[in-house]
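Asks: Before anything else, here's the structure in question.
The values are calculated or read from the model by the stated rules, or taken from the named source; none is laboratory data. This structure is a prediction, so every number in the text was calculated from the model and none was measured. We place every Cβ from the backbone using ideal geometry, glycine too, and count neighbours over all the protein chains shown.
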Amino acid sequence: MYKILIVDDEPVVRNGIKNTIDWNKAGFEFVGDCENGREAIEAVDALQPDVVLTDIYMPFVDGLELARYISEKFPHIKVIILTGYDDFEYAQQAVKLKVYDFLLKPITANELRKILEKVKNDLDIEAKKAEELNKLKLQLRESMPILRERFLERLVSGHLRAGELDEKLNLFGINFSGSEFISLVVDVDEYGKLGKMQEKAEDELLLFAVFNISEEIVSREKRGIVFQNRNNNIVIILSGKTPLSVKETAIRLADEIRQSVEKFLGFTITIGIGVVCSSLMDINRSYKGALSALDYRFVLGKNKVINITDMEHNNTEFSLHKMQWEKKIISLLKIGTSQEIDEAVETLIKDLKASLMPVRRCYIYIQQVITSVINTIDELGIDENEVFDGINPFTEVYKFKTLDEMSTWLKKLCSKAAKAILDQRSDYSKVQVERAIEYIRQNYNDTEISLNSVCKHLFISVSYFSLIFKNNTGKTFIEYLTSVRIEKAMELLRTTNLRSYEISKKVGYDDPHYFSSIFKKETGMSPTEYREKASGTR
């Protein structure tokens, strides 16, 4: 029984329609009538009828506005427009709103019965299609060879018992023609526009379409099987006569599958390829390699075929510690511009990409940066929620499939942190002193650095800078520069074999005798005496 609602500002028309039809016999439940579009909108929201029979001209909200509202919010509701002959052209606007049909006033009981019969038939057809679609989905789930998939999952996971392999292969009719084996794992990057059209295509049906494409391409070779694991990955096992042939086949089929999915389904996938193994019982090693290869999507980007052997061979040692991007980002949070912060994050991400390090190490490195951000804002007494909005940033990083996605998020996080720090440090002089200290620590080895050069860099006067610097550090510019230089000289004396005159140059003193004099004044020892004491030879 379908629900129908009548809307007309003329009581005579409403009552006439209501009393003319035997609604139960016609297959409808009369759920109410309204005298204007405003009442009708409330009734539609509350009752959600299957059919709305409405006039065009009504006070407050007319029939077209009502039809537009229904079309946007309840597109499945059939709207039938009642219209007079004179406003027929006006009523054509309703075509754009996908109204079901039009009835010209005055309408006869026979005309009304015919249109109700027509709409009921269409509703019956739609209901039948929906029922058939639900049955199809049920059959789809039930038709999956569940036991076969569980066996294959156990096979690639390395959980089969000894002697179980041949028995299960015969049971499920699985036959491999070659003696060399390789595993591939297919994962959807994102469903794109289709993923947002839930009425037309659900994720599971789209994944099933990827499965069908993969199975069709692999079946042509007659040397492999395809199945879907519980993590919604599509797993492929191929066999061949030689390690080289099976590897070449895997690369060729993977690229064909990738291109076909993009061409016919309109979204992208990434495929990981594992190592070749000489026993099917060792296929779990290839499967794990394929999963590891898939992780490199985080670095290389989406829509790729990634071979784990290529990654392992190219994964040379790369030290991000030397780049010190973590320290640079933290420094810029305190004194840098938004553009400088973004550029630092971009450079960090670029270096991570160039390193080709495993995704887990990328996550760890990003989390180290986050830890430094948290420590920095905690030291300044800033509430973490002000920056992280109540989310856990350490788990949030795992939501991203690529470094590019991570870059966008990390920029926003750093931007929020920088703003919070700037707000916390409302005193302009503190910011200027921080920038001066940063400049001194970066340029202390420059023999030309001076009070004037620092002020020029900061665009402030010498007198003002001297005042705020002493107030914030307790030292004059020369005293602070000297302490930084001597601190660095002490480090070099402890950790290197450089001669005193070489260290003098490295910390910004042209005259080694003057350096020795300053060093002794600051430490009470000559450079040679300090080195001997630090090394324990005295």
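Asks: Consider region 135-178. How many of its residues are more than 16 Å from residue 224 (Cα to Cα), modelled with pLDDT of 85 or more and not in a helix (DSSP H, G or I)?
Replies: 3
A quick yes/no check of all residues on (1) farther than 14 Å from residue 433 by Cα; (2) of a type outside the set (Val, Ile, Thr); (3) modelled with pLDDT of 95 or more:
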| site | (1), (2), (3) |
| --- | --- |
| 468 | no, no, no |
| 496 | yes, no, no |
| 501 | yes, yes, no |
| 510 | yes, yes, no |
| 534 | yes, yes, no |
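Asks: A further question follows. Mind checking which strands (runs of 3 or more DSSP E) fall wholly inside region 1-120 and carry at least 2 residues that are in contact (Cβ under 8 Å) with a residue 24 or more places away in the chain and of a type in the set (Ser, Thr, Tyr)?
Replies: none
Asks: Let me ask another. Can you go through 65, 131, 72 and tell me which one is assigned by TED's automatic domain parsing to the domain that holds residue 6, exposed (fewer than 13 other Cβ atoms within 10 Å of the Cβ) and modelled with pLDDT of 85 or more?
Replies: 72
Asks: Scan region 218-240 residue by residue and report those that are hydroxyl-bearing (Ser, Thr, Tyr) and under 19 Å from residue 207 (Cβ atoms).
Replies: Within region 218-240, 219 is the sole residue that qualifies.
Asks: What is the residue count in region 459-483 for residues that are buried (at least 17 other Cβ atoms within 10 Å of the Cβ) and under 47 Å from the mean Cα position of the chain (by Cα)?
Replies: Within region 459-483, the first condition is being buried (at least 17 other Cβ atoms within 10 Å of the Cβ), and the residues that meet it are 460, 465, 468-469, 477, 480-482.
When the remaining residues are screened for being under 47 Å from the mean Cα position of the chain (by Cα), the result is 460, 465, 468-469, 480-481.
Within region 459-483, residues that are buried (at least 17 other Cβ atoms within 10 Å of the Cβ) and under 47 Å from the mean Cα position of the chain (by Cα) number 6.
Asks: So in region 308-319, with the set limited to residues that are in a helix (DSSP H, G or I) and at pLDDT below 85, which one is surrounded by the most Cβ atoms within 10 Å (Cβ to Cβ)?
Replies: Among them, the one singled out is 311.
Asks: Evaluate the following for residue 247: is it touching a residue at least 40 places away in the same chain (Cβ under 8 Å), among the charged types (D, E, K, R) and surrounded by fewer than 18 Cβ atoms within 10 Å (Cβ to Cβ)?
Replies: Here the answer is no, as residue 247 does not meet what is asked.
Asks: Considering only residues that are assigned to a loop (DSSP other than H, G, I, E, B) and either buried (at least 16 other Cβ atoms within 10 Å of the Cβ) or of a type in the set (Asp, Glu) (or both), which ones fall in region 259-285?
Replies: Across region 259-285, the qualifying residues are 267, 274, 275, 276.
Asks: Residue by residue through region 235-258, note down the ones that are of a type in the set (S, T, N, Q) and assigned to a strand (DSSP E or B).
Replies: The answer is 239, and nothing else.
Asks: Being part of a helix (DSSP H, G or I) and among the aliphatic types (A, V, I, L, M) is the filter; apply it to region 504-538 and report the residue that is nearest to residue 492 (Cα to Cα).
Replies: Step by step, filter region 504-538, then rank; the result is 534.
Asks: Continuing with this model, one more query. So if I check each of 255, 187, 203, which one is within 24 Å of residue 298 (Cα to Cα), of a type in the set (Asp, Glu), at pLDDT below 90 and not assigned by TED's automatic domain parsing to the domain that holds residue 402? Write out each step before concluding.
Replies: Numbers: 255 fails: at pLDDT below 90; 187 fails: at pLDDT below 90.
Just a single option satisfies the conditions, and that option is 203.
Asks: Another question, then. Assess whether residue 31 counts as being of a type in the set (A, V, I, L, M, F, W, C), at pLDDT 90 or above, within 13 Å of residue 103 (Cβ to Cβ) and out of contact with any Gly (no Cβ under 7 Å at 6 or more places or on another chain).
Replies: No.
Asks: Right, here's the next one. Quick check on region 286-307: of everything there that is modelled with pLDDT of 90 or more and assigned to a helix (DSSP H, G or I), which residue is farthest from the chain's Cα centre (by Cα)?
Replies: The extreme case among them is 286.
Asks: Out of curiosity, is residue 444 at pLDDT 90 or above, touching a His at 6+ places or on another chain (Cβ under 6 Å) and outside the structural domain of residue 343 (by TED's automatic domain parsing)? Please lay out each step first, then the result.
Replies: Details: at pLDDT 90 or above: yes; touching a His at 6+ places or on another chain (Cβ under 6 Å): no; outside the structural domain of residue 343 (by TED's automatic domain parsing): yes.
In short, no.
Asks: Residue 460 passes all but one of (1) in a helix (DSSP H, G or I); (2) outside the structural domain of residue 360 (by TED's automatic domain parsing); (3) more than 30 Å from residue 503 (Cα to Cα); which number fails?
Replies: Residue 460 satisfies all of (1) in a helix (DSSP H, G or I); (2) outside the structural domain of residue 360 (by TED's automatic domain parsing); (3) more than 30 Å from residue 503 (Cα to Cα) except (1).
Asks: Sticking with this structure for a sec: In this structure, is residue 329 within 15 Å of residue 412 (Cβ to Cβ) and either in contact with an Asp or Glu (Cβ under 9 Å, 6 or more places away or on another chain) or outside the structural domain of residue 308 (by TED's automatic domain parsing) (or both)?
Replies: On the way: within 15 Å of residue 412 (Cβ to Cβ): yes; either in contact with an Asp or Glu (Cβ under 9 Å, 6 or more places away or on another chain) or outside the structural domain of residue 308 (by TED's automatic domain parsing) (or both): yes.
Criteria met by residue 329.
Asks: If you scan region 355-369, which residues turn out to be in contact with a Phe, Trp or Tyr (Cβ under 7 Å, 6 or more places away or on another chain) and either of a type in the set (Gly, Ala, Ser) or closer than 14 Å to residue 326 by Cβ (or both)?
Replies: 355, 362, 367
Asks: Evaluate the following for residue 77: is it under 22 Å from residue 117 (Cα atoms), over 44 Å from the mean Cα position of the chain (by Cα), surrounded by 18 or more Cβ atoms within 10 Å (Cβ to Cβ) and not charged (D, E, K, R)?
Replies: No.
Asks: Quick test of your reading of the structure: residue 369 fulfils all but one of (1) modelled with pLDDT of 90 or more; (2) in contact with a helix residue (DSSP H, G or I) (Cβ under 6 Å, 6 or more places away or on another chain). Name the failing condition by number.
Replies: Unmet condition: (1).
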